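The structure under discussion appears below in the form of structure tokens.
The values are calculated or read from the model by the stated rules, or taken from the named source; none is laboratory data. Computed from a predicted model, the values in this text were never measured in an experiment. Methodologically, a virtual Cβ is constructed for each residue, glycine included, from the backbone with ideal geometry; neighbour enumeration extends over all protein chains shown. Side chains included, ligands, DNA and RNA excluded: accessible areas come from the protein's heavy atoms. Shrake-Rupley method; radii C 1.70, N 1.55, O 1.52, S 1.80 Å.
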Amino acid sequence: MAEAAIDKLRKVLELERAKGFADSAVFGGLDGYLQQSFQGQVLSSNQQLAAAIGSLPVEGYASLAPAGRRRWLEGLLAIMDDCAPPARVLAKAGSRTAGSSSPSAAAVKKRTKPSAARRAPQTVEQASLDSPISVLKGVSRVTMSRFARLGVQTIRDLLFHFPYRYNDFANIRPISQLVVGEEQTLLATVWSAAETTMGRRLKGSEAIVGDETGTLRVIWWGQRYVARQLRTGARVALSGKVTVYRGQRQMESPEYESLDSDDLIHTGRLVPVYPLTGSLSPRIVRRLAKEALDRFADEVPDPVPPALRQRLRLWSLPYALRQMHYPDSLETAQTARRCLAFQELLTIQLGVLKRRRAWQESGRAYPLALSQEALDGFLSSLPFALTKAQRRVMGEMAADIGREVPMSRLLQGDVGSGKTVVATAGLLAAVASGCQGAMMAPTEILAEQHYRTICALLGNGRESVGDDGLFHPPYMEKPLRVALLTGSLRDREKAAAQEAIARGEVDIVIGTHALIQAEVAFPRLGLMVIDEQHRFGVMQRAALRAKGESPHVLVMTATPIPRTLALTVYGDLDISLIDEMPSGRRAIKTVRALPDERDEVHGFVREEVAKGRQAYIICPLVEESEAIAAKAAVQEYEHLARDVFPDLRLGLVHGRLPAAERDAEMRAFRDGDLDILVSTAVVEVGIDVANATVMLVECADRFGLSQLHQFRGRVGRSEHQSYCILLSENPSQEAQERLSIMETIYDGFRLAEEDLRLRGPGEYFGTRQTGMPDLKVARLSDIDLIEKSRAEAARLLEADPSLARPEHRLLERQVARLWERITAEVS
């Protein structure tokens, strides 16, 4: 019976080929013929043939272009030749050879062997976790390319491509008890199924199904192929919401599945909902994920040591994977997620703690100390009193740099909280101990600002003594020299600075990436300060670190770090927090404004400028984009200069300006030569302009909370009242919530937590340089799991620092594999 069916199919395929792949060999098309006449026992007895037919897209043969139809059909014929009995192959080959009744054995072999392009790349026995997903049934090159966009290329990738939610189709009801508006499943018989036209042009499928309690109309919008897949008389499961149309209940575009299947994956259970891309079908993802689980889940090595798994009562990894993809209940799905999240976080924690150990054991640092007399002299020379938070952090740093173990500390505090003063005290300790200190900033304008600030701090308010940067504060035993090294220096100036640094004549060097050039050598680098650390890539920071044998490292950031990130991304750093602002600062008034209030807002800006103040106007994009309704800084600048503020002095900066031009504009604004600076987000990490009192943010709904807070921190640097005005066009509900939070919360750390909750770590930083690995299942809200995984990682490394024990080798390999993927340093 099977052979007869295959012969008939062969004839149909050969006729289809003769008709030019026009889908006209049989009435109703090839898809209908395959569905109605070529199923069941025929395919179950021939897995290779079943896989070839199953490789058709869900939409069927009819959806393919002629070239695609030809490739699929020729491949199927080749497989049928390969599967046919030898006598039949010989006879078929003979019938195709003109004038010859017995072709050569070579000719037969050539005809019956499928081409390499058509054969499966690996057999089931050869397939492994690292095999491409093409080893699964019905995966075409197009499907592989679609999965690749999701980062899924191997079986392992697919197993760890988790659903982000589940449709609860486990509630099975007869037709008479279906409830309008609820997700539910019914088991029914297909009475009829046909393509139909919905409206004027849209075509889809319509079916009538029934059970012993009644009948129901089911429609699929725009899915004509469904009608060809629903055979009259077939038993199916349908899952989805019930709606009402013209007084009659119906189901619209439900999931469907044949009840001939031993294991339902689309209906009748908790059905996984996966991240998708392009035209990748949810049904394909579910089917392939289920096949991968059935064939390969037990092969996934479990890196968590058995003793630890037993002590924490964690599920085995294969079982957790199965319950994560196809859970028995929502409770088991949550348990599976926590088991997998713990393993993921444990890997991250081991990585950051191993990195911390490696840094601390990489060599001996120079112990640095500033005498109490010198420290008191420095503090008394300042024109302001330190806050309690600054004094506390200064003490934490002094304790660290006084040891031979290299310090690795993150100093975080809001804009204007006084981080530079703390860093200067550390740099003075390096000089007092016979070493050099270095500070690296991400931009020339910021490096120049640090240079001016430190010179003023050391010169008792004067920015420099002579042209050589030489200072002799009364509290220091000997004079010290401060130098600025940036890429824009003339070659002669740069060479002179580099030679002075190499001879040890410069005590404190402040610069940009020019500090990491090969020509710069530090004889005794004692302390390295890195400002706005997430702005630097891994090679830049590693190169500066390599300038000293094992210098102490102080990382500064004005971006508040939420607690969960402090335990993961920055888990190898000790953290100091300046959570107190200097006294006398006035709160920045923050208000939202709508587009119809723009004229009023511009009038307010003009009033502030008339008082002698300055203003920022921020726009999110450099060029217009149809996809994002945002103002372009260039066009906004032209509009403002021409139509709104023609009598005022306006400047423009954005990321596409050459660095020299951008810095020149920002210097002009700092020096009071401009009234208004129109800018993109490049001023987020910018210079201090005490006279600026207005921060106007256009399209504020396009920015995150932390970024808006950084903008707000550009003003409010003096005794004058400052304002932050948030203009938005058509903010979404989530954006309205974000802007409302800005009006009521001024604490940067509370805003950081809210921002992380709303947008996640990648969007939070706006850069991939954070070194944060993509979390596949763990969440940064899993604070208990983060703390537990950190404690267990510390315990494992205490007992086995290199993870060399047999029970730890899988875990060590997983840690190594994860950290190879991270393209920027964590520390």
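Summary of values
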quantity	calculated
Surface share of carbon and sulfur [accessible, 1.4 angstrom probe, percent] for segment 627-752	47
Within segment 329-352: backbone nitrogen closer than 19 Å to the Asp784 label point (7 Å, Cα to C-beta)	330-346
FRET E, pair Arg17, Ala794, Förster distance 45 Å, beta-carbon r, rounded to 0.05	0.10
Span per principal axis, largest first, for the Cα atoms of segment 428-519 (Å)	34, 25, 22
Overall form of segment 644-704 per C-alpha gyration tensor (a/c, 1.5; a/b vs b/c)	rounded
Accessible surface of His654 - all protein chains present, 1.4 Å probe, nearest 10 Å²	20
Per residue solvent-accessible surface (Å²) - segment 284-363, probe of 1.4 Å	40
Of Lys8/Lys137; Lys589/Lys611; Lys354/Lys788, pairs whose Cα-Cα distance is over 20 Å	Lys8/Lys137
Accessible-area value, Arg17, 1.4 Å probe, nucleic acids and ligands omitted, Å²	80
Cα gyration tensor, segment 706-760 - rounded (a/c under 1.5), prolate or oblate	oblate
Cα gyration tensor shape for segment 158-229, rounded if a/c is under 1.5, else prolate or oblate	oblate
Dipole magnitude (debye, nearest 20) for segment 261-410, charges at Cβ of Lys, Arg, Asp, Glu	160
Nearest-20 debye value, segment 382-454 charge dipole, Cβ charges on Lys, Arg, Asp, Glu	260
Rel. contact order, % - alpha carbon contacts under 8 angstrom, at least six apart, segment 200-288	21
Length gained when the stretch Asp328-Leu202 is fully extended (0.36 nm per residue, less Cα-Cα span)	41.6 nm
